[in-house]
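Have a look at the structure below before the remarks.
Bear in mind these aren't lab numbers, they're just calculated from the coordinates by the rules spelled out. Note that the structure is a prediction, hence the values are computed from the model and not measured. Neighbour counts are summed over all protein chains in view; Cβ atoms, including those assigned to glycine, are modelled from backbone coordinates with ideal geometry.
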Amino acid sequence: MDLYRLYQTRRSIRKFKREPIPEDDLEKILYAAQRAPTDATAQMYSILRVTDPELRKRIAHLSGDQEHIESAAEFFLLLADVWRLRRLVEHRGGRFGRWPRTAAHFAIVDAVLAGSALATMAEALGYGICWIGGVLNGIREISALVDLPEGVIPVAGLCVGVPDEDPAPRPRLPRALVVHENRYRAYTPEELDEAYAAMRPITRKGDWYRVLDRYFAEGGTMELREGPYQALAARKGFDPDLPAPLAEALTARGLEARSLGQLIEEAFRRGYRGVLFNQGAVWLEKETEAHRGEGATPGEALAKALLEAFPEEA
């Protein structure tokens with residue numbers, strides 16, 4: 001299939017016929033995913049194929065009751081995966097480095113590249129696809145359902161199947177707002193108005209701002225996703241201040257660890273009037289007690305002090 005024609009007509013499909021994908025086509029789709037570019041040959045992603053109908057049903061519910069997760073012939077979870085890379089390094093006697101933010105960056109990039117290759121091959125073969133960002137709505141629960149280890153987090157879901165609808169392609173922003181040359185440039189008010197005009201057909205009422213407000217403005221969907229995402233990222237080892245085992249231990253005691261700043265706020269909320277940081281140590285203080293924690297980072301030291309302060313579930 002001509003790729004230019006494919007991109008001219010591509011659209012997301014949310015209604016699928018309940019028909020399986022032949023094994024030959026499935027092999028081509030997964031082959032394409034594995035041929036995607038990757039940084040430094042590391043392939044820091046995994047693809048989790050969900051074939052259990054009951055598991056799909058639960059993921060669909062946790063993702064915002066998206067029925068097409070259940071009805072599509074195939075549903076994949078695209079995962080940022082540093083765990084396998086760590087195991088490979090340690091398998092040859094190496095000591096894995098500590099680079100959590102960089103790990104998250106490249107693992108997410110690898111997962112998206114693999115997912116895009118998978119999706120493009122599927123569409124070239126005549127199937128419909130739909131990316132599912134809604135897996136972030138239930139990211140902690142979904143991660144537990146599929147037994148993700150430290151170093152692995154969901155990036156997105158991807159439905160693939162035989163289309164049972166033929167929607168029109170959705171509009172995109174004017175190219176001048178997306179493609180910059182040599183220097184990033186600021187947008188004029190007129191260009192921003194052009195953006196709203198270009199995207200107007202995407203909603204029934206012709207107001208793209210309704211979508212942006214619902215998802216990205218204060219109190220929107222993305223804010224609701226942020227806390228659980230931060231907490232899971234810390235528990236999976238992607239926070240530079242909080243070692244994953246300590247984040248997990250704090251969560252087990254009712255102290256959800258999302259960041260160093262959030263832990264400081266939590267200490268004050270629980271009545272501590274002082275959080276004193278020294279090199280390699282933290283003191284928690286209030287009128288009748290004090291607790292000390294030590295660690296290589298301020299977050300590690302504070303987490304240990306909080307675990308001492310709250311030995312049982314808080």
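Rounded to a whole number, what is D in µm²/s for region 191-314 from Stokes-Einstein with the Kirkwood radius over alpha-carbon pairs (37 °C, 0.692 mPa s)?
Numbers: Rh = 16.6 Å.
Translational diffusion coefficient: 198 µm²/s.
Among the complete DSSP H segments of the chain, which ones combine at least 27 Å of alpha-carbon extent along their axis with a mean Kyte-Doolittle hydropathy of 0.0 or more?
Helices meeting the span and hydropathy rule in the chain are 100-124.
Assuming 0.36 nm per residue, please report the length gained on full extension of the stretch Glu248 to Leu3 beyond their Cα-Cα distance.
83.6 nm
To the nearest 0.05, what FRET efficiency results for Trp99 and Asp166 with a Förster distance of 35 Å applied to their C-beta separation?
On the way: r = 46 Å, r/R0 = 1.31.
Between Trp99 and Asp166 the formula returns 0.15.
Per q in 0.12 Å⁻¹, report the Debye log10 I(q)/I(0) for the chain, using one uniform scatterer on each alpha carbon and no solvent.
Log-scaled intensity ratios, in q order: -0.98.
Give the Kirkwood hydrodynamic radius (Å, one decimal) of region 3-163, defined as one over the mean of 1/r across all pairs of different Cα atoms.
16.3
Before anything else, pin down the relative contact order of the chain: Cα pairs under 8 Å, at least 6 apart, normalised by residue count, whole percent.
About 16 percent, as a whole number.
If each DSSP helix of 4+ residues adds -39,500 (n - 2.57) and the sum is divided by the residues in the chain, what number results at 222 nm, nearest 500 deg cm²/dmol? Write out the running numbers ahead of the final one.
Working: 14 runs with 143 residues, N = 314.
One gets -13500 deg cm²/dmol as the mean residue ellipticity at 222 nm.
Provide the gained length on full extension for the span Leu276 to Phe310, in nm with one decimal, where the gain is 0.36 nm per separating residue minus the Cα-Cα distance.
10.5 nm
So if each residue of separation counts as 0.36 nm, and I subtract the Cα-Cα distance between Tyr209 and Glu181, what length gain in nm does that give?
7.3 nm
Could you tell me which of Gly293, Gly126, Leu255 has its Cα farthest along the dipole of the chain towards the positive end, charges placed at Cβ (Lys, Arg +1; Asp, Glu -1), taken about the Cα centre?
My answer, from the dipole projection, is Gly126.
Considering only the other residues whose Cβ falls under 12 Å of the Cβ of Gly271, what net charge follows from Lys and Arg at +1 and Asp and Glu at -1?
With Lys, Arg at +1 and Asp, Glu at -1, the net is 0.
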